[in-house]
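Contents: one structure, followed by commentary.
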Amino acid sequence: GIVVVVAAGNIGQNIVSGVPGYAGTLSPGNAPSAITVGAVDTKNTAARADDTIPAYSSRGPTWYDAFAKPDVVAPGQNLVSDAAPGSTLFLDLPDHQVADKSGPPRYFRLSGTSMSTAVTSGVVALMLEANRISKERPLKPKAIKRILEYSAVPLRGYDELTQGHGAINAAGAISLTSSVSHLPLRKRWWTN
């Protein structure tokens, strides 16, 4: 009954040539039941037309067992979040520190599929909340994954081993989850 969201990894390119490569998704991203997330660079715009997949975002298939991953991609480039001032990471990367108008840096800017995973986990939490209002039994993790994939928006110019089903669509996934939650059990056989 637990929805597992994991990072695809940040080994999507050859460290010598810089050329993107495949088969970089490792454990635990290779778990078939996990929602494996790659990164998107949104260029800090609301439009999707300029979105790209950063070269570092690991591509499928998974190493060793050749599963098609990632499942989806989400914003992960240059995201700003709360910092842990005094931590090793914070002190070792002063150029990543972000201050607001109130004083010293309290935020940190990072990039990677782990950041994308945090964004996706937030969307999944909102999906679970939308499902909670259902009087019937809750959706299973497999159904949550299917809804997230179905509602994703494919990016032009990228194959399925690079972007999975596409970039997450939070509004679409939450709306679809809410709609499905109101269906009688006999009409949502596919969610089992």
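Observations on the model:
- Percent accessible area from carbon and sulfur atoms, the chain, protein chains only, probe 1.4 Å: 60 percent
- Contour excess over end-to-end distance, with Cα ends at ALA66 and SER87 and 0.36 nm allotted per residue: 3.8 nm
- From largest to smallest, the equivalent ellipsoid semi-axes obtained for the chain from the alpha-carbon gyration tensor read 30, 22, 15 Å.
- Using C-alpha pairs below 8 Å separated by at least 6 residues, the relative contact order for region 6-137 is 26 percent.
- Going by accessible surface with a 1.4 Å probe and the largest first, SER102, SER111 read SER102, SER111.
- Helix 113-132 axis, angle to the chain major axis (alpha carbon atoms, nearest 10°): 30 degrees
- Packing rank of 56-68, 17-29, 155-167, where each peptide gets the mean count of other beta carbons within 10 Å, highest leading: 56-68, 155-167, 17-29
- Accessible area of region 58-119 divided out per residue, in Å², using a probe of 1.4 angstrom: 56 Å²
- Close Lys-Lys pairs in the chain, where close means Cα under 20 Å and separation is 8 or more or interchain: 6
- Ranked by the mean number of other Cβ atoms within 10 Å of their residues, highest first, the peptides 75-88, 140-153, 113-126 fall in the order 113-126, 140-153, 75-88.
- Distance between the modelled labels on VAL98 and LYS142, one decimal in nanometres: 3.9 nm (7 Å Cα→Cβ projection).
- Averaging 1/r over each pair of different alpha-carbon atoms in region 1-89 and inverting the result gives 14.1 Å, the Kirkwood hydrodynamic radius.
The values are calculated or read from the model by the stated rules, or taken from the named source; none is laboratory data. No experiment lies behind these values; they were computed from the predicted model shown. Virtual Cβ from ideal backbone geometry, glycine too; neighbours counted across all protein chains shown. What goes into the accessible areas is simple: the full protein's heavy atoms, side chains included, and nothing from ligands, DNA or RNA. Shrake-Rupley method; radii C 1.70, N 1.55, O 1.52, S 1.80 Å.
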